[in-house]
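I have placed the structure first, in the form of structure tokens, so that the comments after it can refer back to it.
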Amino acid sequence: MAKPWDDSLKKLVHADPQAFVSWFVPGASFIGARPHELKNWTLELEQGLEQGLQRGQLEALRQAVIDVVVERFPKLVRLAKKQVAVVEDSELLRHVLVKVSVVQTAEEAKQHLLALEEADE
């Protein structure tokens, strides 16, 4: 929440930026206003963080599918690694994780892993 002194300071700086810069940092020069630079940088930072979190979530889900396959169906590990490596949909990975966790046979697990390729397209 902005305070009255925030608005006053903004008006003071906007009225004579060079005087403010010289007062704040003796000997400094005001080069020019950059009104959108910080806003864009903040937006890019937020987008980068969000993308990083999404990538981390995808990697965690991929590894979880592989971990379940390693424990339950060791012969399907190579297939599982190949199939989950290309999937970019976290919901799809979550679905396959549940399926390979509850199926009874390696053949059923294999079908779900192979279905990843078709479902991700």
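The values are calculated or read from the model by the stated rules, or taken from the named source; none is laboratory data. Bear in mind the structure is a predicted one, so any value in this text is a computation, not a measurement. Every residue, glycine among them, receives a Cβ derived from its backbone with ideal geometry; neighbour counts consider all protein chains shown.
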Counted residues in region 70-87 being free of Cβ contacts under 8 Å to residues at least 12 places away in the same chain and either over 15 Å from Thr105 (Cα atoms) or small (Gly, Ala, Ser) (or both) come to 2
Mind checking which residues of region 84-98 are of a type outside the set (A, V, I, L, M, F, W, C) and either modelled with pLDDT of 95 or more or part of a helix (DSSP H, G or I) (or both)?
Ser90, Glu91, Arg94, His95
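Taking Leu43 as the residue in question, decide whether it is outside any loop (DSSP other than H, G, I, E, B), modelled with pLDDT under 80 and over 22 Å from the mean Cα position of the chain (by Cα).
no
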